[in-house]
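Contents: one structure, followed by commentary.
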Amino acid sequence: MSISILPVTADFVAEVGDIDLQQQLQPEDLSAIGRAFATYAVLVFPAQSLTVEQRLAFAAHFGPPEETVDVAMKRDRLRVRREIADVANMDADGKIWAQDSRARQFQMMGNRLWHTDSSFKAPSGYASLLYARSIAPIGGNTEFADLRAAFDALPDVMKRRVQGLIAEHSILFSRKKLGLTDFTDAERQAFAPVLRPLVRTIPESGRQTLYIASHVGRIVGLTDADFFGPRLGLLKIAT
């Protein structure tokens, strides 16, 4: 098999064609996918029809699948396998969540915030593999931002300022922004803050990128007054 890589822009988002993820992939194709991921950050594999086992088998080429946060939250039953994050609006019985459902607020509403998947886990995730089974005809878009380009666009003085800073990540931080505060002791323990550098160097490409998310609660050693401007949360450049 010889795959094709069709860039959407010069270095962000590409479509991968001439590939059937149902089939056993050759090492050279997996290597090509890895290089494309390092270059474009977001890859689209159109027109794939995969079973759960096939999806997990493809994911396993890039590392061991992690478990959904629902496991740590001690949900009685899951609608899908524990290795899959269930981005849906239904409970385990297929019933639509009520408007005031805690699960709806924690999962659906939380996913509307700009976030980096699994930044609050130890270890953090390497990649997210999204598989669409049912898509809303209007709205519900999945959007992506290139934080490598965001870092590149920073003034040099800000690039120097953020180097070496450490951020605390927890999914409870992002859920507090939605007004959720009734966390159980088990949830507080499972989602205790983890430390992540604010700037990372991507090993496969050598590019630097911001590592930020709605899961960030604070920057170690700094107060909001140290780091944020007076309006709209704009970063204040200190000279």
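The values are calculated or read from the model by the stated rules, or taken from the named source; none is laboratory data. What you see is a predicted model, and the numbers here were worked out from it, not measured in a lab. Every residue, glycine as well, gets a Cβ built from its backbone with ideal geometry; the counts of neighbours run over all protein chains shown. Calculation scope for accessible area: heavy atoms of the full protein, side chains included, ligands and nucleic acids excluded. Shrake-Rupley method; radii C 1.70, N 1.55, O 1.52, S 1.80 Å.
Listed residues LEU195, LEU165; which is closer than 19 Å to ASP226 by Cβ and either free of Cβ contacts under 8 Å to residues at least 24 places away in the same chain or open to solvent by 80 Å² or more (accessible area, probe 1.4 Å) (or both)? So that I can check it myself, show each step before the final result.
Values: LEU165 fails: either free of Cβ contacts under 8 Å to residues at least 24 places away in the same chain or open to solvent by 80 Å² or more (accessible area, probe 1.4 Å) (or both).
On inspection, the qualifying residue turns out to be LEU195.
Are any residues in the stretch 170-208 in a loop (DSSP other than H, G, I, E, B) and among the small types (Gly, Ala, Ser), and if so, which ones?
SER170, GLY179, ALA192, SER205, GLY206
Could you identify the single residue in LEU43, LEU56, LEU50, LEU130 that is over 24 Å from ASP185 (Cβ atoms), open to solvent by 60 Å² or more (accessible area, probe 1.4 Å) and in contact (Cβ under 8 Å) with a residue 12 or more places away in the chain?
LEU130 is the lone residue from the list that is over 24 Å from ASP185 (Cβ atoms), open to solvent by 60 Å² or more (accessible area, probe 1.4 Å) and in contact (Cβ under 8 Å) with a residue 12 or more places away in the chain.
Out of the residues in the stretch 8-30 that are outside any loop (DSSP other than H, G, I, E, B) and over 21 Å from the mean Cα position of the chain (by Cα), which is surrounded by the fewest Cβ atoms within 10 Å (Cβ to Cβ)?
PRO27
Of the residues TYR126, TYR131, which single one is aromatic (Phe, Trp, Tyr) and within 20 Å of PRO203 (Cβ to Cβ)?
TYR126
Go through the stretch 152-169 and give me each residue that's outside any helix (DSSP H, G or I) and out of contact with any strand residue (DSSP E or B) (no Cβ under 6 Å at 6 or more places or on another chain).
Scanning the stretch 152-169 gives LEU154, PRO155, GLY164.
Quick one: which residue in PHE173, PHE144, PHE183 is aromatic (Phe, Trp, Tyr) and loosely packed, with under 13 Cβ neighbours inside 10 Å? Let's see the steps before the verdict.
Numbers: PHE173 fails: loosely packed, with under 13 Cβ neighbours inside 10 Å; PHE183 fails: loosely packed, with under 13 Cβ neighbours inside 10 Å.
Step by step, each of PHE173, PHE144, PHE183 is checked, and only PHE144 is aromatic (Phe, Trp, Tyr) and loosely packed, with under 13 Cβ neighbours inside 10 Å.
What tally of residues in the stretch 209-221 results from selecting those that are assigned to a strand (DSSP E or B) and either open to solvent by 50 Å² or more (accessible area, probe 1.4 Å) or closer than 26 Å to ALA38 by Cα (or both)?
Result for the stretch 209-221: 4.
Here's a check for you: in the stretch 165-220, which residue that is among the aromatic types (Phe, Trp, Tyr) and under 18 Å from the mean Cα position of the chain (by Cα) is farthest from MET108 (Cα to Cα)? Show your work before the answer.
At the first step, the residues of the stretch 165-220 found to be among the aromatic types (Phe, Trp, Tyr) are 173, 183, 191, 211.
Filter once more, so that each one left must be under 18 Å from the mean Cα position of the chain (by Cα): 173, 191, 211.
Working: PHE173: 16, PHE191: 18, TYR211: 22 Å.
Among those residues, the one meeting the criterion is TYR211.
Starting from the stretch 12-38, take each residue that is touching a residue at least 12 places away in the same chain (Cβ under 8 Å) and list its partners that are of a type in the set (S, T, N, Q) and open to solvent by less than 70 Å² (accessible area, probe 1.4 Å), counting only C-beta distances under 6 angstrom and pairs at least six apart or across chains.
GLY17/SER4; ASP18/SER4; LEU21/GLN48; GLN22/GLN54; ALA38/SER205
Checking the condition of a type outside the set (Val, Ile, Thr) and in contact with a Leu (Cβ under 7 Å, 6 or more places away or on another chain), which residue from LEU198, LEU154 passes? Full working, then the answer.
Values: LEU154 fails: in contact with a Leu (Cβ under 7 Å, 6 or more places away or on another chain).
Testing whether each residue is of a type outside the set (Val, Ile, Thr) and in contact with a Leu (Cβ under 7 Å, 6 or more places away or on another chain) leaves just LEU198.
Would you call ILE138 surrounded by 13 or more Cβ atoms within 10 Å (Cβ to Cβ), at pLDDT below 95 and of a type in the set (Val, Ile, Thr)?
Taking the combined requirement at face value, the residue does not satisfy it.
Only residues that are crowded, with 16+ Cβ neighbours inside 10 Å, in a loop (DSSP other than H, G, I, E, B) and of a type outside the set (Val, Ile, Thr): list them for the stretch 102-123, please.
Result: HIS115, ASP117, SER118, SER119, PHE120, LYS121.
Restricting to the stretch 198-227, count the residues that are touching a strand residue (DSSP E or B) at 6+ places or on another chain (Cβ under 7 Å) and free of Cβ contacts under 8 Å to residues at least 40 places away in the same chain.
4
Hey, can you tell me all the residues within the stretch 59-101 that are assigned to a helix (DSSP H, G or I) and surrounded by fewer than 16 Cβ atoms within 10 Å (Cβ to Cβ)?
Of everything in the stretch 59-101, those that are assigned to a helix (DSSP H, G or I) and surrounded by fewer than 16 Cβ atoms within 10 Å (Cβ to Cβ) turn out to be ALA60, HIS61, PHE62, VAL71, ALA72.
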